Amino acid sequence: MTRLFVRIPEERIAVVIGAEGGTRKAIEERSGAKLQVDPDDSSVEITSPETADPWGAMKAHDVVVAIGRGFSPQRAFRLFTGENYLTVLDMKEVSGKRTKEAMRRIRSRLIGTSGRARERLEELSGCFVSIAGYHVALIGSVDELERGTRAMTLLLRGSEHSTVFGFLESARRVAATNAALDEDRPR
C-alpha cells in the first residue's frame with residue numbers, strides 16, 4: 001500500500017475538499033487513490049492499494065500540494081495530463097532576502113500591477129504560476145518548468161522584468177524552432 005501525507009495551509013483545506021466533496025472525489029477518480037482530509041491538523045493522507053499504480057498516488061499528492069500552494073483545482077488538475085510536473089521555489093532561499101518587507105516587495109514584483117507580471121510570465125513560459133506566502137509554485141512540462149524556474153530565479157535575484165521577458169521570448173522562439181525541426185526530421 002502506498003501512503004503519502006501532505007500538510008497544507010488551513011485556509012486551503014476547503015478547496016481540497018471542494019463543494020460537496022467534489023474536488024476530493026475528482027482527485028480520487030483521476031488518481032485511483034483515496035484522500036483522507038483531517039481539517040484539525042490541516043493534513044491530507046493519500047493511500048492507494050498495492051494493486052494500484054503508485055504513480056496515481058504520487059500525482060494526487062502533487063495535486064494536493066499544488067492546491068495548498070494556491071492553485072485552483074482546475075489548474076492543479078493539469079498535473080494529471082501529459083508529462084506535467086510541479087515545482088516549488090522558496091523565495092527566501094532563492095533571493096537571499098529574509099525580512100517581511102523584502103518578501104512583500106519581491107512578491108509584488110512577481111505579481112505586478114493587477115497581476116500583469118504573473119500573467120506575462122505564464123504566457124511566455126507556458127507554466128501556471130502561483131505566488132503564495134514565501135513560495136512560488138509552477139506547473140508545466142519539463143521544458144516549460146525549465147524556462148519558468150529560470151525566469152523566476154532571475155526575478156527573485158533582482159533582474160529587470162524586461163530582461164526576464166526578453167529571455168522568455170527568446171527561449172520560446174528557440175523551443176518553437178526546435179519543435180519545427182523535429183517534425184521535419186525523417187523517422
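Looking at the range 36-58, which of the residues that are among the hydrophobic types (A, V, I, L, M, F, W, C) and touching a strand residue (DSSP E or B) at 6+ places or on another chain (Cβ under 6 Å) is farthest from Leu4 (Cα to Cα)?
Within the range 36-58, the match that is farthest from Leu4 (Cα to Cα) is Val37.
May I ask you to say which residue of Asp41, Asp90, Asp53 is surrounded by fewer than 16 Cβ atoms within 10 Å (Cβ to Cβ), more than 19 Å from the chain's Cα centre (by Cα) and modelled with pLDDT of 90 or more?
Answer to the check: Asp41.
Table: residues versus (1) touching a helix residue (DSSP H, G or I) at 6+ places or on another chain (Cβ under 7 Å); (2) small (Gly, Ala, Ser).
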position	(1), (2)
Val37	yes, no
Pro49	no, no
Ala57	yes, yes
Ala60	yes, yes
Val64	yes, no
Ile67	yes, no
Gln74	no, no
Phe77	yes, no
Glu83	yes, no
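Looking at the structure I just gave you, is Asp62 buried (at least 16 other Cβ atoms within 10 Å of the Cβ), more than 19 Å from Thr153 (Cβ to Cβ) and free of Cβ contacts under 8 Å to residues at least 60 places away in the same chain?
Criteria met by Asp62.
Being among the hydroxyl-bearing types (Ser, Thr, Tyr), closer than 19 Å to Gly133 by Cα and assigned to a loop (DSSP other than H, G, I, E, B) is the filter here; which residues of the range 34-89 pass it?
The answer is Ser42, Ser72.
Hey, among Arg147, Arg116, which residue is outside the structural domain of Gly56 (by TED's automatic domain parsing) and either exposed (fewer than 15 other Cβ atoms within 10 Å of the Cβ) or farther than 19 Å from Phe71 by Cβ (or both)?
Exactly one residue qualifies, and that residue is Arg116.
I need every pair where a residue in the range 85-99 that is over 22 Å from Ser141 (Cβ atoms) has its Cβ under 8 Å from the Cβ of a residue that is assigned to a strand (DSSP E or B), sequence separation at least 6 or different chains.
If the second residue must be assigned to a strand (DSSP E or B), the pairs left are Asp90/His135; Met91/His135; Met91/Val136.
Please state which one of Ala52, Ala57, Ala76 is in the same structural domain as Ala19 (by TED's automatic domain parsing), touching an Asp or Glu at 6+ places or on another chain (Cβ under 9 Å), touching a residue at least 12 places away in the same chain (Cβ under 8 Å) and of a type outside the set (Val, Ile, Thr).
Exactly one of Ala52, Ala57, Ala76 is in the same structural domain as Ala19 (by TED's automatic domain parsing), touching an Asp or Glu at 6+ places or on another chain (Cβ under 9 Å), touching a residue at least 12 places away in the same chain (Cβ under 8 Å) and of a type outside the set (Val, Ile, Thr), namely Ala76.
In this structure, does Glu20 turn out to be among the acidic types (Asp, Glu), in contact (Cβ under 8 Å) with a residue 24 or more places away in the chain and not assigned by TED's automatic domain parsing to the domain that holds Val142?
For Glu20, the condition - among the acidic types (Asp, Glu), in contact (Cβ under 8 Å) with a residue 24 or more places away in the chain and not assigned by TED's automatic domain parsing to the domain that holds Val142 - is not met.
Just the residues that are basic (Lys, Arg) and without any contact (Cβ under 8 Å) to a residue 40 or more places away in the chain, please, taken from the range 134-170.
Those that are basic (Lys, Arg) and without any contact (Cβ under 8 Å) to a residue 40 or more places away in the chain: Arg147, Arg150.
I need a count of the residues in the range 100-148 that are in a helix (DSSP H, G or I) and farther than 19 Å from Pro9 by Cβ.
Residues meeting the conditions: 26.
The values are calculated or read from the model by the stated rules, or taken from the named source; none is laboratory data. This one's a predicted model, so the numbers in the text were calculated from it and none came from an experiment. All Cβ positions, glycine included, derive from the backbone under ideal geometry; neighbour counts span all protein chains shown.
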